[in-house]
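The values are calculated or read from the model by the stated rules, or taken from the named source; none is laboratory data. Treat the numbers as computed from the prediction; the structure is a model and nothing was measured. Cβ coordinates were reconstructed from backbone atoms using ideal geometry, including for glycine residues, and neighbour counts include every protein chain displayed. Side chains are part of the model used for accessible areas, which takes the heavy atoms of the whole protein and leaves out ligands, DNA and RNA. Shrake-Rupley method; radii C 1.70, N 1.55, O 1.52, S 1.80 Å.
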Amino acid sequence: MHDIFNNWGLALIAMTIMVRMVLLPFNVMSFRLAQAMQKIKPKMDKIREQYKNDPVRMNKETMAVMKENNANPVSGCLPMLLQLPILMSMYLFFPNSIELRQQSFLWATDLSSYDSIYTFSTALPLIGDHISLFTILMTITSIAFAAYSQANSGMQNTQPGMQYMPYIMPLFLMFMFNSFPAALTYYYLLQNVISIGQQALIQKFFIKEDLVRAKIEHNKKNPKEKSKWQQKFEDIQKQQQEKNKK
């Protein structure tokens, strides 16, 4: 990419777009799952309220509704798992990349070091003696992406305080990444911006409300056979219910 653009900043943009394009089918699958979960959310909420004092029965009914609608929350983690090795490799690559030394892009004079836009007279706790602009932008876009994803997802964390974790983590990472190479925080910034745009495009062009509804109705009429794991899980739940009755 650098041979084509002769600029490390542009090369990183091109590389990030390529990575996102490779992961596009998995992101579409994940977003379709979120849409399906939104459709069955009223049923799930009703089950939680009805069986809040019987967690075993609540889990059983929840599994039944999800099976009926062919919804599998675990599959939504697939894009994240596929991206993890890439994110970790970049985390290890940029601090040790000789090629990026003294290479400038936008306001960053050296992509192998932090892009300070303001230096304090004395070092402050946690943040240090400077502020990096790419890190601030990375944090803002991370919070924006978390808010956008949560607004368009049917998966809600009901545990007290956990619904705020997607917003707290970026703030925590801001202090951690403030002294990291500008190329790294710039790459994560690009990931966030492209992810928001990609998710908006998926929602507009790939997800059709009538098709999601039709698929749910089709799954109700043509339920899949239980897998051995599902059957075993239901047997365990039945045994637990019998113990509770005794």
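Numbers for the structure displayed
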quantity	calculated
Any chance M58 is part of a helix (DSSP H, G or I), open to solvent by 60 Å² or more (accessible area, probe 1.4 Å) and either at pLDDT 75 or above or among the hydroxyl-bearing types (S, T, Y) (or both)	no
When residues of region 1-55 are limited to those that are of a type in the set (S, T, N, Q) and farther than 30 Å from E99 by Cα, the one surrounded by the fewest Cβ atoms within 10 Å (Cβ to Cβ)	N53
